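Contents: one structure, followed by commentary.
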Amino acid sequence: MRVTTGGAGTFDPEAIRAKYLAERDRRLVPGRTDIRDLTSDDRFAHYRDDPFTPVTPRDPVTDDVDVVIVGGGIAGLVAGARLREAGVNRIRIVDQAGGVGGTWYWNRYPGVMCDVESYLYLPLLEELGYIPREAYASGEEIRTHLEAVAERYDLTTDALFHTDVTRAEWDEARARWRIRTDRGDDFTGRYYVLAVGVLHLMKLPAIEGMEDFAGRAFHTARWDYEYTGGGPNQPLTNLGDKVVGLVGTGASGIQCLPPLAAAAKHVYVFQRTPSAVGVRDNRPTDPSFAEQLQPGWQRARNDNFQSIMLGRPVDEDLVADGWTRYYATVYHPPKRKFSSREEYVQAWEEVDFGIMEEHRARIDEVVSDPNKAAILKPYYRYLCKRPCFHDEYLAAFNEPNVSLIDCPAGFDRITAQGPVVDGQQFEVDCLVYGTGFEGERTPLARRAAHDIVGRNGVTLAEKWSGGASTLFGMMSRGFPNMFIMPAPEQQAVVTVNYTQLAVLGGDFIGRMVGLLEKRGVEVFNVSAEAEEEWGDGVASKFVDASGVMSACTPSRVNNEGHPEALNPRNANYGGGFGDYFGYRDLLENWLDAERFKGLELA
């Protein structure tokens, strides 16, 4: 059966499914997910070094603070701000970076910017009275804003940067968390907050011969401006006589290609799987934008965006971007009456096909070389990979100094001269790994990267070995006075705009600590009954989409080709993405009641 979709071509369900499966199978190869362990492999550990801020010698810290926050990114800063508003005195942020910013501290590569609208993504805009300069802010603007948040709420006075927590252990006798670090620190804190982020563990692929490469090599999350010249938002002045190999065409790769193409003698782009790249439509903020804003505007704008992403009706799409046009439409196709499940599934596929055809047609419109255009076309369903949005990426392939190398199975190996693909040697002076980060589904214990020891010597990794075990996705029995910022895979909810979820978590922690202090509570712990009830409720709403997702090209979205391995206990409140508004109402009503239902208080 062939179906004509509105202007997007003819949809032959069987043919397109076969095409998608064939493209998936080209990428299902042994070793696909192998990565370097940068914490233990001495040959590659230097990839984690901080090229932006020198490490300053200091004496070990041995004191007591009110709250310890692990992580100085958006989540940690928002939690710190709300705790400060609740009257908390001493707040200590601990981070391996040389300053605040989290992923925006590390990601300073040329062209980096947010892919969610700035007015949604930058936190606490109203509190700081700041309006982003562009619809999609550059990494520099985001990092500068986060530094301003830290200054406004005095979150660096007690902070420890260039510091890794090695062990956090609950001290029952003192009712304190004891924290030890790789710099000899041994201090305590009454509350412990894990704000360890979701995309911060740098992913470096394990490719045979990487250590033999004779040129310069670095990851986009540690951009080497000493080698490339220039700086963020500045021309790369040292690459005029250099041949650069760019590995990866996800969000990092597509953003740094245009600056590389403008500066380098030649750029080889090595692509394993093409991204679906929609129009970003970045533009300066209209001067009149701020004039029409009312108090509470940022929460209202986020709610409008989130409503559309969850398929709820709104009077107006305030953002009107690729997320609301494409992503929300695929998740929530137009309502129609169907007589069978098969008709519904096919209608859903039609919508998806039309959107992907629009993306593929854009490539033909922009890229002049038909061979490059063919390689750049994504053949999978829209939700199989996180989509990208960019205005200059595709056009960069029209430059004579940019070559696109199709390598769905990856490299054969890397030699002293550079990558080898299907037996062909590519000689480069520099390799840039735009290979991103370990995915959102990375277990919390790994993301935290230190031993977290609760009551009776049980570690968080041990307790969660069979799946997340929480109340609200933010507290876990046996780990008193500990909060976990809400995130994927831990019984909370998921949002496309992570900042919205971080603000929700920060609001909850700030208010809860304020209420605990008001009541004179020294220690809280989750009850066994409440934790079991929450976990069972989450698991009961688990949506098994493995049948659809197993047909996807491998990516972090479908668990690298193994969606059947997903654990229902790591799902979201309300099923699917999660019921964000129901979750928020539940948290706010729980706090309003001031009864701390589900907790044991001492």
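The values are calculated or read from the model by the stated rules, or taken from the named source; none is laboratory data. Computed from a predicted model, the values in this text were never measured in an experiment. Positions of Cβ are backbone-derived with ideal geometry, glycine not excepted, and every protein chain shown enters the neighbour counts.
Only one of 71, 87 is at positive phi, assigned by TED's automatic domain parsing to the domain that holds residue 191 and over 27 Å from the mean Cα position of the chain (by Cα). Can you tell me which?
After ruling out the rest, the residue left standing is 87.
Considering only region 93-112, state which residues are surrounded by 23 or more Cβ atoms within 10 Å (Cβ to Cβ) and not hydroxyl-bearing (Ser, Thr, Tyr).
93, 94, 95, 100, 101, 102, 104, 106, 107, 110, 112
Filter region 420-435 down to residues that are over 13 Å from residue 217 (Cα atoms) and either hydrophobic (A, V, I, L, M, F, W, C) or not assigned by TED's automatic domain parsing to the domain that holds residue 215 (or both), then give me how many there are.
Selection size over region 420-435: 3.
With the structure loaded, tell me whether residue 244 is surrounded by 15 or more Cβ atoms within 10 Å (Cβ to Cβ), touching a His at 6+ places or on another chain (Cβ under 9 Å) and not in a loop (DSSP other than H, G, I, E, B) or whether it fails that test.
So residue 244 fits the description; yes.
Those residues that are more than 14 Å from residue 35 (Cβ to Cβ) and either in contact with a strand residue (DSSP E or B) (Cβ under 7 Å, 6 or more places away or on another chain) or at pLDDT below 95 (or both), I need them from region 212-224; list them, please.
Hits for region 212-224 are 212, 213, 215, 216, 217, 218, 220, 224.
May I ask you to verify whether residue 148 is surrounded by 22 or more Cβ atoms within 10 Å (Cβ to Cβ) and either over 23 Å from the mean Cα position of the chain (by Cα) or modelled with pLDDT of 95 or more (or both)?
It is false that residue 148 is surrounded by 22 or more Cβ atoms within 10 Å (Cβ to Cβ) and either over 23 Å from the mean Cα position of the chain (by Cα) or modelled with pLDDT of 95 or more (or both).
For region 146-163, which positions are hydroxyl-bearing (Ser, Thr, Tyr) and under 13 Å from residue 123 (Cβ atoms)?
153
Looking only at region 40-61, count how many residues are in contact with a Gly (Cβ under 9 Å, 6 or more places away or on another chain) and surrounded by fewer than 13 Cβ atoms within 10 Å (Cβ to Cβ).
So the first thing to find is which residues in region 40-61 are in contact with a Gly (Cβ under 9 Å, 6 or more places away or on another chain), and the list is 50, 52-56, 59-61.
After this cut, where a residue has to be surrounded by fewer than 13 Cβ atoms within 10 Å (Cβ to Cβ) as well, the list is 53-56, 59-60.
Summing the residues that are in contact with a Gly (Cβ under 9 Å, 6 or more places away or on another chain) and surrounded by fewer than 13 Cβ atoms within 10 Å (Cβ to Cβ) in region 40-61 gives 6.
Quick check: anything in region 1-23 basic (Lys, Arg), in a loop (DSSP other than H, G, I, E, B) and touching a strand residue (DSSP E or B) at 6+ places or on another chain (Cβ under 6 Å)?
Yes, region 1-23 has at least one match.
Can you tell me which condition residue 236 does not meet? The list is (1) modelled with pLDDT under 95; (2) part of a loop (DSSP other than H, G, I, E, B), and all the others hold.
Every listed condition holds for residue 236 apart from (1).
Going by the structure shown, is residue 34 closer than 30 Å to residue 410 by Cα, in contact with a Pro (Cβ under 9 Å, 6 or more places away or on another chain) and exposed (fewer than 13 other Cβ atoms within 10 Å of the Cβ)?
Taking the combined requirement at face value, the residue satisfies it.
Pairs, please: C-beta under 8 Å, at least 6 apart or cross-chain, first residue without any contact (Cβ under 8 Å) to a residue 12 or more places away in the chain and in region 330-355, second in a loop (DSSP other than H, G, I, E, B)?
Hits for this filter: 344/338.
Rundown of residues vs (1) modelled with pLDDT of 95 or more; (2) closer than 23 Å to residue 557 by Cα; (3) among the acidic types (Asp, Glu), yes/no style:
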| residue | (1), (2), (3) |
| --- | --- |
| 264 | yes, no, no |
| 270 | yes, yes, no |
| 278 | yes, yes, no |
| 283 | yes, no, no |
| 290 | no, no, no |
| 294 | yes, no, no |
| 301 | yes, no, no |
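Restricting the search to region 200-233, which residues are within 18 Å of the chain's Cα centre (by Cα) and assigned to a loop (DSSP other than H, G, I, E, B)?
Passing the criteria: 200, 201, 203, 204.
Residues that are within 30 Å of residue 270 (Cβ to Cβ): which helices (runs of 4 or more DSSP H) entirely in region 280-380 hold 1 or more of them? Give the derivation first.
Working: elements: 297-309, 328-331, 341-366, 370-376.
Per the criteria, 328-331, 341-366, 370-376.
Please verify whether region 435-453 includes one or more residues that are assigned to a loop (DSSP other than H, G, I, E, B) and touching a Gly at 6+ places or on another chain (Cβ under 6 Å). Reasoning before the result, please.
Just the residues of region 435-453 that are assigned to a loop (DSSP other than H, G, I, E, B), to begin with: 435-436, 438-443, 449-450.
Retained after the next criterion (residues that are touching a Gly at 6+ places or on another chain (Cβ under 6 Å)): 435-436.
Yes, the conditions are met somewhere in region 435-453.
Could you pull out the residue among 16, 93 that is within 26 Å of residue 380 (Cα to Cα) and in contact with an Asp or Glu (Cβ under 9 Å, 6 or more places away or on another chain)?
16
Of the numbered conditions (1) surrounded by fewer than 20 Cβ atoms within 10 Å (Cβ to Cβ); (2) under 18 Å from residue 187 (Cα atoms), residue 70 fails exactly one; give the number of that condition.
(1)
Could you run through region 567-585 and say how many residues are surrounded by fewer than 18 Cβ atoms within 10 Å (Cβ to Cβ) and touching a residue at least 24 places away in the same chain (Cβ under 8 Å)?
Result for region 567-585: 6.
Taking the condition modelled with pLDDT under 95 and under 21 Å from residue 518 (Cβ atoms), does residue 565 pass?
Answer is no for this residue.
Just for region 586-602: of the residues that are in contact with a strand residue (DSSP E or B) (Cβ under 9 Å, 6 or more places away or on another chain) and among the small types (Gly, Ala, Ser), which one is surrounded by the most Cβ atoms within 10 Å (Cβ to Cβ)?
Among those that are in contact with a strand residue (DSSP E or B) (Cβ under 9 Å, 6 or more places away or on another chain) and among the small types (Gly, Ala, Ser), it is 598.
Considering only helices (runs of 4 or more DSSP H) fully contained in region 483-602, which possess at least 1 residues that are over 17 Å from the mean Cα position of the chain (by Cα) and aromatic (Phe, Trp, Tyr)?
Helices (runs of 4 or more DSSP H) meeting the threshold: 498-519, 528-540, 580-593.
Out of all the residues in region 496-554, which are hydroxyl-bearing (Ser, Thr, Tyr) and more than 24 Å from residue 115 (Cβ to Cβ)?
Narrowing region 496-554 to residues hydroxyl-bearing (Ser, Thr, Tyr): 498-499, 527, 540, 546, 550, 553.
Once the filter is applied, which keeps residues that are hydroxyl-bearing (Ser, Thr, Tyr) and more than 24 Å from residue 115 (Cβ to Cβ), region 496-554 yields 527, 540, 546, 550.
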